[in-house]
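*Asks:* There's a structure below that I have some questions on.
The values are calculated or read from the model by the stated rules, or taken from the named source; none is laboratory data. The shown structure was predicted, so the numbers you read here are calculated from the model rather than taken from an experiment. Every residue, glycine as well, gets a Cβ built from its backbone with ideal geometry; the counts of neighbours run over all protein chains shown.
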Amino acid sequence: MHLTVATRNRHKLRELSDLLPSIELLPLPDGVDLPPEDGDSFADNALIKARAASSAVGAAAIADDSGIEARALGGLPGVRSARYAGEGAGDRENLAKLLREVAETGADREVAYVCALAYVDDEGRERVFEARCAGTLASEPRGQGGFGYDPAFIPSDTGSADPRTMAELSPEEKGSISHRGRAARMLAAYLVRRRSGR
């Protein structure tokens, strides 16, 4: 089985490929333009991209929309996580802004990663799989792995005695607890059920 992934983010494509080893994931073909991600939720944005990719290639496609929510900021950056510091801003600028703003609010450093993984098949049927990963925001970035906000995201699932950020975990450790890993496993289970007719 193969699926087109509606992303130009090579980190995300590689991570999804690792999380879905039984599925051949194809990159979005050159020349396919994705519409603006102007939805009000991660699910809305994931569906916007998956629909566009499926329509462009005439086959099933998936799209992930994900980000981080800081409780101290009322859920921000949320759906604007990838462009939190402005259009064209990179991971470093977005993370620096989040760290600065959370520090300004006081002591609450609770955060959560959220992922919506949308699947649109070749007949236009749609499903969205949503998952979360709770954590705490570190005071400064640590680690060389991962991408996005990973250098400052300390996941709760590793236990209170483990201070490592997502960027300090191995890819296998991260995939076992991450929001994207959880959503990918939900998608994989759904596809297995469909193939078996359940």
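*Asks:* Looking at (1) under 22 Å from Arg10 (Cβ atoms); (2) in contact with a helix residue (DSSP H, G or I) (Cβ under 9 Å, 6 or more places away or on another chain); (3) surrounded by 13 or more Cβ atoms within 10 Å (Cβ to Cβ), which is the one condition that is false for Glu172?
*Replies:* The single condition Glu172 does not satisfy is (3).
*Asks:* Restricting attention to the stretch 79-118, which residues are more than 19 Å from Gly146 (Cα to Cα) and in a strand (DSSP E or B)?
*Replies:* Matches in the stretch 79-118: Glu110, Ala118.
*Asks:* Shifting gears a bit: Does any residue in the stretch 2-26 that is at pLDDT below 90 come within less than 6 Å, Cβ to Cβ, of a residue that is among the aromatic types (Phe, Trp, Tyr) six or more places away or on a different chain, and which pairs are these?
*Replies:* Hits for this filter: His11/Phe147.
*Asks:* Let me ask something else about it. Scanning for something farther than 22 Å from Ile154 by Cβ, surrounded by fewer than 15 Cβ atoms within 10 Å (Cβ to Cβ), out of contact with any helix residue (DSSP H, G or I) (no Cβ under 9 Å at 6 or more places or on another chain) and touching a residue at least 12 places away in the same chain (Cβ under 8 Å), does the stretch 51-64 turn up at least one residue?
*Replies:* The answer is yes; a qualifying residue exists.
*Asks:* Report the residue count in the stretch 123-173 for those that are among the charged types (D, E, K, R) and under 25 Å from Asn45 (Cα atoms).
*Replies:* So the count comes out to 7.
*Asks:* I've got another one for you. Can you tell me how many residues within the stretch 76-117 are within 21 Å of Asp157 (Cβ to Cβ), modelled with pLDDT of 95 or more and surrounded by fewer than 14 Cβ atoms within 10 Å (Cβ to Cβ)?
*Replies:* Here the count works out to 0.
*Asks:* Select, from Ser176, Ser160, the only residue that is among the polar types (S, T, N, Q) and either within 14 Å of Val114 (Cα to Cα) or outside any loop (DSSP other than H, G, I, E, B) (or both).
*Replies:* Ser176
*Asks:* If you scan the stretch 119-145, which residues turn out to be out of contact with any His (no Cβ under 8 Å at 6 or more places or on another chain) and either closer than 20 Å to Val79 by Cα or part of a strand (DSSP E or B) (or both)?
*Replies:* Tyr119, Val120, Glu126, Arg127, Val128, Phe129, Glu130, Ala134, Gly135, Thr136, Leu137 - these are the residues of the stretch 119-145 that are out of contact with any His (no Cβ under 8 Å at 6 or more places or on another chain) and either closer than 20 Å to Val79 by Cα or part of a strand (DSSP E or B) (or both).
*Asks:* Same structure again: Considering only the stretch 1-78, give the strands (runs of 3 or more DSSP E) lying wholly within it that have at least 3 residues that are of a type in the set (A, V, I, L, M, F, W, C).
*Replies:* Output list reads 61-70.
*Asks:* Consider the stretch 129-186. How many of its residues are acidic (Asp, Glu) and without any contact (Cβ under 8 Å) to a residue 12 or more places away in the chain?
*Replies:* Residues flagged as acidic (Asp, Glu) and without any contact (Cβ under 8 Å) to a residue 12 or more places away in the chain within the stretch 129-186 amount to 2.
*Asks:* Okay, moving on. Specify which of the listed residues (Arg109, Arg125) is in contact (Cβ under 8 Å) with a residue 24 or more places away in the chain and more than 18 Å from the chain's Cα centre (by Cα).
*Replies:* Of Arg109, Arg125, the one residue that is in contact (Cβ under 8 Å) with a residue 24 or more places away in the chain and more than 18 Å from the chain's Cα centre (by Cα) is Arg109.
*Asks:* Which one is farthest from Ala63 (Cα to Cα), of the residues in the stretch 1-43 that are acidic (Asp, Glu) and more than 17 Å from the chain's Cα centre (by Cα)?
*Replies:* Looking at the filtered set, the residue picked out is Asp30.
*Asks:* Return only the number of the condition from (1) touching a strand residue (DSSP E or B) at 6+ places or on another chain (Cβ under 8 Å); (2) over 19 Å from Gly67 (Cα atoms) that Ser156 does not satisfy.
*Replies:* Of (1) touching a strand residue (DSSP E or B) at 6+ places or on another chain (Cβ under 8 Å); (2) over 19 Å from Gly67 (Cα atoms), only one is false for Ser156: (2).
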